[in-house]
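Heads up: the structure comes next, in structure tokens.
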Amino acid sequence: MLEQIERYLDGELEPALHAEVHAHLAGCGPCSSHSEFQRRLKELLREKCGCDEVPPGLLERVRAVFSEPGTG
């Protein structure tokens, strides 16, 4: 669910999965807390970076790193 939360916050989910994650967050305190933390972190990074767009390929590289065994 945590991976889906990231994609949910980034607006990258299909409508049906978006609704599923939204419903899950409404009933799961730990995931809701994680989601709120991530949302605030993304907001802070956007403010401090001064950029609205991710450089091409960066998102895929970051996801690849975090999908490697032992990285969470």
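Nothing in this text is a laboratory measurement; each read-out follows from the coordinates by a stated rule. Small disclaimer: the values here were computed from a predicted structure and weren't measured. Cβ coordinates were reconstructed from backbone atoms using ideal geometry, including for glycine residues, and neighbour counts include every protein chain displayed.
Each Lys and Arg adds +1 at its Cβ and each Asp and Glu adds -1 at its Cβ; summed about the Cα centre, the stretch 2-67 shows a dipole of about 240 debye. Phi-derived couplings, Karplus 6.51 cos²θ - 1.76 cosθ + 1.60 at θ = phi - 60°, listed residue by residue for the stretch 38-45: 5, 4, 5, 4, 4, 5, 5, 4 Hz, with x used for Gly and Pro. Working note: 222 nm ellipticity from helices only, DSSP H runs with n ≥ 4, each -39,500 (n - 2.57), summed and divided by the residues of the chain, gives -23000 deg cm²/dmol to the nearest 500.
The peptide list 24-31, 43-50, put in order of mean Cβ contacts within 10 Å with the highest first, becomes 24-31, 43-50. Here ARG46 and ALA19 are evaluated by their C-beta separation; at R0 = 25 Å the FRET efficiency comes out at 0.50.
Distance between the 7 Å Cα→Cβ label points at ASP10 and PHE37: 1.9 nm.
For the stretch 1-50, the square roots a ≥ b ≥ c of the C-alpha gyration tensor eigenvalues yield an a/c of 1.5 or more together with a/b not exceeding b/c, which makes the shape oblate.
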